[in-house]
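Have a look at the structure below, then the notes.
Each reported figure results from applying straightforward, stated rules to the coordinates on display, with no laboratory input. Nothing here was measured: the structure is a model prediction, and the numbers come from that model. Every residue, glycine as well, gets a Cβ built from its backbone with ideal geometry; the counts of neighbours run over all protein chains shown.
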Amino acid sequence: MRVLVTGGAGYIGSHTVALLRARGDFVVVLDSLELGHRQAIGDTPLVVGRTQDQALVGQVIGDHRLDAVIHFAAYKAAGESMRNPAKYFDNNVYGSLCLIEAAQQAGVRRFVFSSTAAVYGTPQSLPVGEDAPLGPENPYGESKLLVERMLRWFDTCHGLRSVALRYFNAAGAALDASNGEDPRCVQNLIPLVMNAATGRAAKVLVFGTDYPTPDGTGIRDYIHVLDLAEAHARALDFLAQHDRSDVFNLGTGKGASVLEVLREARRASSVDIVAENTARRPGDPSAVWADNRKARAVLGWQPRYGLREIVETAWAWNRSHPDGFA
């Protein structure tokens, strides 16, 4: 296929770009480089710009005869979204609207959207299926849900078929340690643990040790970035083969606690990572993991990597790239 990947120089986007190119797709990346890195995509054609620039999007699609879009370009820090919701609605919602409209007007009929499990909020039951109630608890999750709803109407009104991929906790790095998450702007547990392992941080804070879980710490579903990339490629294939839109959860279907992550990180790094117990954060559920049966059955996708591989690849990347791509 001929694919525009927005945010393609970012963490998940760049891994997806590498996979698409390896399988023979033609890829053009649109990225502002605010959080992305040119080095992460090698010699892939790059257009520096924003999704809000509809004229630019239309020109790129037309010049390169692109027929599909994978949309990663978004801010993703839930805490920041509570402090600055306007930033998230402007970029994640308005930026997506501009992109969707420009793509539709340029003749694109296949659109893969990087969504999130944050659209569910605190789950009422586990595992979380695609039919679970939707109740975002921060502007970040709300912004992703609004884009999903916009895509549904662009399907109804214009025939723009889309797949929304609701993924859980992305982590890990390339198997050869050539690409990974920027250690300078991380907020999720595994990269924070890696910062402590490399000495960039003095310790890791464990928010809550009194949850109703086997070891008292919160449980999350960690999914390897390479498995996420594979799912985006399979979503493109699904849209090429089926004339309909759909939504899929992407997770391993298994949860890991904070203490389990720390144990794996200490084993992989041989570093006695310092952890400090502190109070729960308001709104943090005790446990979340995905029901991924739909993605397995419909997309033919299944995660290949577990927590051990996630932590080992993250450590290899952080050890060899202490400053990321800087």
Once the in-chain neighbours fewer than 8 apart are removed, the aspartates and glutamates whose Cα is under 13 Å from Lys294 read Glu130, Asp131, Asp246
Candidate cut points under trypsin sites (Lys or Arg not before Pro) in the range 256-293, DSSP loop plus at most 16 other Cβ atoms within 10 Å of their own Cβ, are Arg280
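Let a ≥ b ≥ c be the square roots of the eigenvalues of the Cα gyration tensor of the range 281-326; is it rounded (a/c under 1.5), or, if not, prolate (a/b larger than b/c) or oblate? Each step should come with its number before you reach the end.
Working: a/c = 2.78, a/b = 1.39, b/c = 2.00.
It is oblate, given that a/c is not under 1.5 and a/b is not larger than b/c.
Out of the trypsin sites (Lys or Arg not before Pro) in the range 56-101, which ones are loop residues according to DSSP with at most 11 other C-beta atoms within 10 Å? Before the final figure, lay out each step's value.
On the way: sites: Arg65, Lys76, Arg83, Lys87; in loops: Arg65, Lys76.
Counting only loop positions with at most 11 other Cβ atoms within 10 Å, the trypsin sites (Lys or Arg not before Pro) in the range 56-101 are Arg65.
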The chain, Gaussian network, Cα under 10 Å: of Ala268, Ala170, Ala86, the residue fluctuating most is Ala86
Along the range 205-215, Karplus-curve 3J(HN,Hα) (6.51, -1.76, 1.60; θ = phi - 60°) to the nearest Hz, with x for Gly and Pro, reads 8, 9, 8, x, 10, 10, 6, x, 10, x, 10
Using alpha carbon centers only, the range 114-175 is separated from the range 1-31 by a whole-angstrom value of 21
Here the gain from full extension of Gln105 to Arg263, 0.36 nm per residue of separation minus their alpha-carbon distance, amounts to 51.8 nm
Note on the chain: helices (DSSP H) long enough, at least 18 Å by alpha carbon along their axis, and hydrophobic enough, mean Kyte-Doolittle at least -1.0, are 139-158, 225-241, 307-320
Of Pro303, Pro212, Pro85, the most mobile residue in a GNM of the chain (C-alpha springs, cutoff 10 Å) is Pro212
Options [x] 19.5; [y] 15.2; [z] 31.9 for mean projected area of the Cα convex hull in nm²; the value derived from the coordinates is listed as [y]
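Fewest first, what order do Ile219, Ile70 take by the number of other Cβ atoms within 10 Å? Numbers along the way, then the final one.
On the way: Ile219 21, Ile70 29.
Fewest-to-most ranking of Ile219, Ile70: Ile219, Ile70.
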The lysines whose Cα lies under 20 Å from the Cα of Lys76, excluding any fewer than 8 residues away in the same chain, are Lys87, Lys144
For Ser245, the residues 5 or more places away or on another chain with a placed amide H closer than 5 Å to its own amide H are Ser162
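What order, most packed first, do the peptides 251-262, 16-27 have when packing is the mean number of other Cβ atoms within 10 Å of each residue?
Numbers: 251-262: 21.2, 16-27: 18.3.
Ranking the peptides 251-262, 16-27 by packing returns 251-262, 16-27.
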Non-local residues with an amide H under 5 Å from the amide H of Ala73, with H modelled 1.01 Å from N and Pro and chain starts lacking one, are Thr6, Gly7
Non-local residues with an amide H under 5 Å from the amide H of Gly253, with H modelled 1.01 Å from N and Pro and chain starts lacking one, are Ala290
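Grab the Cα-Cα distance for Arg23 and Asp284, subtract it from 0.36 nm times how many residues apart they are, and report the gain in nm with one decimal.
Details: separation 261, 0.36 × 261 = 93.96 nm, distance 3.90 nm.
Length difference between fully extended and current span is 90.1 nm.
Expected output is a single nm value to one decimal: the length gained when fully extending between Arg293 and Asp272, i.e. 0.36 nm times separation in residues minus the C-alpha distance. What is it? Could you put the intermediate results ahead of the total?
Details: separation 21, 0.36 × 21 = 7.56 nm, distance 3.71 nm.
Residue separation times 0.36 nm, minus the Cα-Cα distance, leaves 3.8 nm.
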Heads up, the range 1-160 by the C-alpha gyration tensor (a ≥ b ≥ c square roots of eigenvalues; a/c under 1.5 rounded, else a/b over b/c prolate, else oblate) looks prolate
Phe168 neighbourhood, Cβ < 9 Å, K/R = +1, D/E = -1, net charge +1
Per its Cα gyration tensor (rounded if a/c is under 1.5, else prolate when a/b beats b/c, else oblate), the range 251-293 is best filed as oblate
Rounded to one decimal in nm, the spacing of the 7 Å Cα→Cβ label points at Phe89 and Cys185 is 2.3
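Kindly state, to the nearest 0.05, the FRET efficiency for Lys203 paired with Ser178, given R0 = 22 Å and r defined as their beta-carbon distance. Mind dumping the intermediate values first?
Numbers: r = 29 Å, r/R0 = 1.31.
With R0 = 22 Å, the Cβ-Cβ based efficiency is 0.15.
Add +1 for every Lys or Arg and -1 for every Asp or Glu among the other residues with Cβ under 13 Å from the Cβ of Asn138, and state the total. Kindly include the intermediate steps, with their values, before the conclusion.
Values: positive: Lys76, Arg83, Lys87, Lys144, Arg281; negative: Glu80, Glu137, Glu142, Asp284.
Residues close to Asn138 contribute a combined charge of +1.
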